[in-house]
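Input: a single structure, listed below in C-alpha cells.
The values are calculated or read from the model by the stated rules, or taken from the named source; none is laboratory data. What you see is a predicted model, and the numbers here were worked out from it, not measured in a lab. Note that we place each Cβ from the backbone using ideal geometry, even for glycine, and neighbour counts take in every protein chain shown. Just so you know, the surface numbers come from the protein's heavy atoms only, side chains and all, with ligands and any DNA or RNA stripped out. Shrake-Rupley method; radii C 1.70, N 1.55, O 1.52, S 1.80 Å.
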Amino acid sequence: MQRRRFIASSVAVGLSLLAGCSDNQEPSDGTTTTPETTTTDELDESDGDETDAVQFGNVYKLEADYAVDIQYDDPERGLTGSATARFEGDDYYQRIEDTSTGDVYEVYHVDGTDYVVINGETCIKNPGASVEPEESDVDTEADTYAEKPDADLTAKGTTTIDGETVYVFEVTGEDVEGTLTIYVSQATGYLRRVESDWGRLDFHSWGDVEPITAPDMECQDFSG
C-alpha cells in the first residue's frame with residue numbers, strides 16, 4: 001500500500017473490507033481524535049528586501065521522521081474529514097476519520113507489512129493483496145512539497161502560526177491546481193503548513209515521533 005495519497009485509498013480499502021467481511025457488524029461510535037485547530041496570522045509583507053532575499057531552496061530542511069495533521073474535503077468523491085499520520089523512516093501510521101460515514105480507519109505499515117483497523121474492531125493484515133484502493137490527489141509526504149517550488153522561489157513575506165514565525169511561499173504552475181501555499185519555519189527550516197483547495201496539512205514533531213508498531217490485536221491475513 002502506497003503511503004502517498006493515503007486518504008482516499010485508505011477509505012476505499014476500509015469500505016471494501018467492511019462490505020466483504022463485516023456485513024453483520026455495526027460501525028463503532030468510539031472516541032476519535034480530531035487534529036487540533038491552529039491559527040494563521042495575516043501575511044506580513046513589510047519585511048521588504050529581507051524576505052525578497054529568502055529563497056525556498058536555501059531555507060527548507062527535511063527529516064525522515066515527522067507527523068502531520070490533515071483536514072481534507074474532496075466533494076467529487078464524497079470524502080470529507082480529518083486525519084493524522086506519523087512517519088518513522090519507512091514505517092508509518094495513519095488515522096482517518098471519515099465524517100461522511102462516521103467510520104475511523106487506522107492504517108499501519110510496519111517492517112514491510114500493511115494493516116488496516118476499522119472502527120477499532122476489525123483488523124486486516126496485507127489488505128493490498130485483495131483490494132485495489134482508489135487513490136486521492138492529496139499527498140501527505142513532506143518531500144513531495146519540497147519538489148513543488150523552484151529552489152529560487154522567494155518568500156512573499158512572513159506570518160505566524162500559533163506564535164511561530166514562518167516564511168510564506170506561493171506556488172503556481174502546470175503541476176499545481178490553483179495556488180499552493182507553503183509555510184516554512186523561520187527558526188528551523190522545517191515545513192510547517194501546506195494549504196490548497198483540497199484542505200490543509202499541518203506538519204510537526206520533526207525528528208521526534210512516537211515509535212510505530214503493529215496493531216495489538218488479532219488480524220485476519222489477506223495475503224493468502
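What the table shows:
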quantity	calculated
Within the stretch 84-99, tally of residues that are farther than 18 Å from residue 208 by Cα and part of a strand (DSSP E or B)	4
Residue count, the stretch 177-188 (criterion: modelled with pLDDT of 95 or more and either in contact with a helix residue (DSSP H, G or I) (Cβ under 8 Å, 6 or more places away or on another chain) or open to solvent by 40 Å² or more (accessible area, probe 1.4 Å) (or both))	4
Filtered residue count, the stretch 139-176, keeping only those that are of a type outside the set (S, T, N, Q), touching a residue at least 40 places away in the same chain (Cβ under 8 Å) and either open to solvent by 60 Å² or more (accessible area, probe 1.4 Å) or in a strand (DSSP E or B) (or both)	10
Residue count for the stretch 92-117, restricted to those that are more than 14 Å from the chain's Cα centre (by Cα), modelled with pLDDT of 90 or more and over 13 Å from residue 216 (Cα atoms)	5
Output for the stretch 85-128, where each listed residue is touching a residue at least 60 places away in the same chain (Cβ under 8 Å), open to solvent by 40 Å² or more (accessible area, probe 1.4 Å) and within 25 Å of residue 202 (Cβ to Cβ)	86, 88, 101, 102, 120
Selection status of residue 191, buried (at least 18 other Cβ atoms within 10 Å of the Cβ) and modelled with pLDDT under 95	yes
Single residue of the stretch 180-220 satisfying the filter (outside any strand (DSSP E or B) and of a type in the set (Asp, Glu)) that is nearest to the chain's Cα centre (by Cα)	197
Unmet requirement for residue 199, which otherwise passes all of (1) under 19 Å from residue 148 (Cβ atoms); (2) open to solvent by 30 Å² or more (accessible area, probe 1.4 Å); (3) of a type outside the set (Asp, Glu)	(2)
